[in-house]
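To start, the structure under review is shown below, and the notes come after it.
Read-outs throughout are calculated quantities, based only on the coordinates presented, and are distinct from any laboratory measurement. Given the structure is predicted, the values throughout are model-derived calculations rather than measurements. Here the Cβ positions follow ideal geometry from the backbone for every residue, glycine too, while neighbour counts run over all protein chains shown.
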Amino acid sequence: MKKKIIFMGTPTFALGVLQGLQTLQSELSLIAIITQPDRKVGRKQEIQFSPVKKFALEHDIPVYQPEKIGDLTATITNLAPDILLTCAYGQFIPEKILAIPTINALNVHASLLPKLRGGAPIHKAIIDGETETGVSLMQMIKKMDAGVVYYQEKITISSTDTASSLHDKLMLLGEKIIAEQLLKVINGELIGVPQDESKVTFGYNISRSEEEINWNKPSQTIYNQIRGLYSWPIAYTTLQGINYKIYHSMMSSEPLHPSDSNVAPGTIVAIEKTGIKVKTADGYLIITELQRAGKKPQLAEKYYYNINENKELQIGYQFQ
């Protein structure tokens, strides 16, 4: 007899887990999907379904969208699931719901636990300069991302990865892990290993203050911040009270020139074909794509080819 499973998730990342579950249909019955309520987005405040809700509708799976997951306790109890499986759902699951499944309550988390517990492990892995990360299949308990880990798999973070590219790699890894390891957990073939609490780090949701670039920091730190915040929410800086989102940059191999030693960090020291060269705490960073408030994103090389006409950004101007 098939085991009954309820899935909880919301963003695109969770689709990898759902795709993995699709490969297990001979063993598991996905009886319901729970996702966050529909939200109004954009200037027109149009209702937008979550990616997980779209999946549920496309596959004729009952979908529930409580404002508070606790309000769905009776419904989940009546559905009598064997397994609860979550991935980036967006709400804490109370113990009274974790106790409902007859076999286990599991979570797919995008880090190598106990590193980077929390809601933004992909962003923070890059921002923190990590060289590897991965996906953990773990048991849910009351404490955030703290349950025993049944399985982990690593991937390398390249020097050019962004949060966007790493997200896609980890989503595929999550799909693979569910397809290959979930039944082993359900059948008791994989034993959970307690996390080492002395090695815990956190990847909490990104705050607005973390999006702002501090040019007094080293080039590598700023470079990691920019790629760790792409393609959402995007790092930004200001010049003369105007915000500029910084989409992409690259490290400069050029050592700090003596003539720039007294130049304030954040100062534009050159506008080149490769981009806008900015002084940092220990050298230079090249901005390659940016967006002035109220305008569209554009390659920074535009400023080189229009250097005489451009009045927005000039050599000697200083980002704050």
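Working note: Karplus 6.51/-1.76/1.60 with θ = phi - 60° gives segment 101-108 the couplings x, 6, 10, 6, 10, 10, 9, 9 Hz, where Gly and Pro are set to x.
For the chain, modelled as a Gaussian network with Cα springs under 10 Å, which listed residue fluctuates most, Tyr236, Tyr284, Tyr303? Comparing Tyr236, Tyr284, Tyr303 in a Gaussian network model of the chain, the most mobile one is Tyr303. Over the chain, with a Gaussian network built from C-alpha contacts below 10 Å, which listed residue (Ser209, Ser219, Ser159) shows the highest mean-square fluctuation? The residue with the greatest mean-square fluctuation here is Ser209. The H on the amide N of Val193, modeled in the peptide plane, is under 5 Å from the matching H of Val149, Tyr150, each at least 5 residues off or on a different chain.
3J(HN,Hα) couplings calculated from phi for segment 90-97 with the Karplus curve 6.51 cos²θ - 1.76 cosθ + 1.60 (θ = phi - 60°) are, in sequence order, x, 9, 5, 9, x, 4, 5, 8 Hz; Gly and Pro show x.
For Thr201, nonlocal amide neighbours, meaning residues 5 or more places apart or on other chains whose placed amide H falls under 5 Å from its own, are Lys115, Leu116, Arg117.
The angle between the Cα long axis of helix 219-228 and the longest principal axis of the Cα atoms of the chain comes to about 40 degrees, rounded to the nearest 10.
Restricting segment 211-283 to trypsin sites (Lys or Arg not before Pro) that sit in a DSSP loop and have at most 16 other Cβ atoms within 10 Å of their own Cβ leaves Lys273.
When both bridge partners sit in the chain, DSSP labels roughly 65% of those beta bridges antiparallel.
Using Stokes-Einstein with the Kirkwood hydrodynamic radius over Cα pairs, what translational diffusion coefficient do you get for the chain at 4 °C and a viscosity of 1.567 mPa s, in µm²/s rounded to a whole number? Stokes-Einstein gives a translational diffusion coefficient of 60 µm²/s.
Straight-line reach from Lys3: taking Cα to Cα under 18 Å and skipping same-chain neighbours fewer than 8 places apart, the lysines in range are Lys184. Helical content alone sets the calculated 222 nm signal of the chain at -7000 deg cm²/dmol, taking -39,500 (n - 2.57) per DSSP H segment of four or more residues and averaging over every residue. Once the C-beta distance of Glu95 and Arg39 is scaled by a Förster radius of 35 Å, the resulting FRET efficiency is 0.80 to the nearest 0.05. Remark: for residue pairs Lys115/Lys169; Lys124/Lys245; Lys154/Lys273; Lys68/Lys217, the C-alpha separation exceeds 29 Å in Lys154/Lys273; Lys68/Lys217. The GNM of the chain, with springs linking C-alpha atoms under 10 angstrom apart, assigns the highest mean-square fluctuation among Leu137, Leu290, Leu57 to Leu57. Subtracting the Cα-Cα distance of Asn78 and Ile191 from 0.36 nm times their residue separation leaves 37.8 nm of extension gain.
Averaging over all projection directions, the Cα-based convex hull of segment 208-305 occupies 6.1 nm² in the image plane. Near Met8, the amide H atoms lying under 5 Å from its own belong to Ile34, Leu85, Thr86, Cys87; only residues 5 or more places off or on other chains count, and H is placed 1.01 Å from N.
Given R0 = 41 Å, the distance between the Cβ atoms of Val148 and Gln220 translates into a calculated FRET efficiency of 0.70.
Separation of segment 221-299 from segment 55-134 is 37 Å, based on Cα centroids.
Taking only the C-alpha atoms of segment 143-299, the Rg (one decimal) and the largest Cα-Cα distance, Dmax (whole number), read 20.4, 67 Å.
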